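Shown next, in structure tokens, is the structure this report addresses.
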Amino acid sequence: MTSFHTLMRDVRACTLCAAHLPLGPRPVLQAHPAARILIAGQAPGRKVHASGVPFDDASGDRLRDWMGVTREVFYDPQQVAILPMGFCYPGTGPSGDLPPRPECAPAWREKLLQQLRQVQLTLVIGQYAQAWHLPGAGSSVTEVVGAWRQHWPRVVPLPHPSPRNNVWLRRHPWFEAELLPRLRERVAGVLAGEA
């Protein structure tokens, strides 16, 4: 555990891309070597930057609903690890938040993933996380999520749970009808210790 705690301390003290962050560095993540579920997201938004709590917004409410878990389970690092592709709020662009800073994942991701040896289920949210965790799986989020059965049961690609994706959800009713019931069953099974 010492090396894990040292790594987490180093990540939380990171200033690698400070010059590019409009609100300065504030790495937001959650991890523990005992975690059985990994959420690979994008980057914190402004509200999450302010609170320092991952998915502490409407996206988090929807994601917890998709998973069928309470806030208590979701925020228990011994059950759920949350590692966005960029740990700090990258700022806002013309159509929403900017992409995760490119320096973050190469600097920290593999080191952290090596510590998470109990993970049985990885939720890969959005295009940047899908490009890293599922390279070559598709050219769009719709294509990758549509092929979710190819990665089942260890990896489940998801669209971002942001309210900005309400139109996407309406256009793809199969997501809620087919994928989400299976996801909830899988999450419950992993948390219950089923193989």
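Worth pointing out:
- The charge dipole of the stretch 73-195, taken about the Cα centre with unit charges on the Cβ atoms of Lys, Arg (+1) and Asp, Glu (-1), comes to about 80 debye, rounded to the nearest 20.
- Cα shape, the stretch 1-93, gyration tensor, a/c 1.5 rule: oblate
- Shape of the chain, Cα gyration tensor, a/c cut at 1.5: oblate
- Calculated FRET value between His5 and Val167, using beta carbons and R₀ = 35 Å, to 0.05: 0.25
- Exposure proxy order (Cβ contacts within 10 Å, fewest to most) of Cys14, Cys88: Cys14, Cys88
- Rounded to 5, the percent of DSSP beta bridges in the chain classed as antiparallel: 20 percent
- Förster radius 35 Å - calculated FRET efficiency between Lys111 and Leu23, Cβ distance, rounded to 0.05: 0.90
- Counting beta carbons within 10 Å around each of Leu63, Leu179, Leu169 and listing the fewest first gives the order Leu169, Leu179, Leu63.
- For the chain, adding -39500 (n - 2.57) for each run of n ≥ 4 DSSP H residues and dividing by the number of residues yields -10500 deg cm²/dmol at 222 nm.
- With at most 16 other Cβ atoms within 10 Å, longest stretch of the chain clear of loop trypsin sites (Lys or Arg not before Pro) (DSSP): 1-116
- The chain: relative contact order in percent, alpha carbon pairs under 8 Å with at least 6 residues between: 25 percent
Coordinate-derived values only; no laboratory data. Note that the coordinates shown come from a computational prediction; the quantities given were computed from them, not determined experimentally. With ideal geometry, Cβ positions are generated from the backbone for all residues, glycine too; neighbour counts draw on all protein chains shown.
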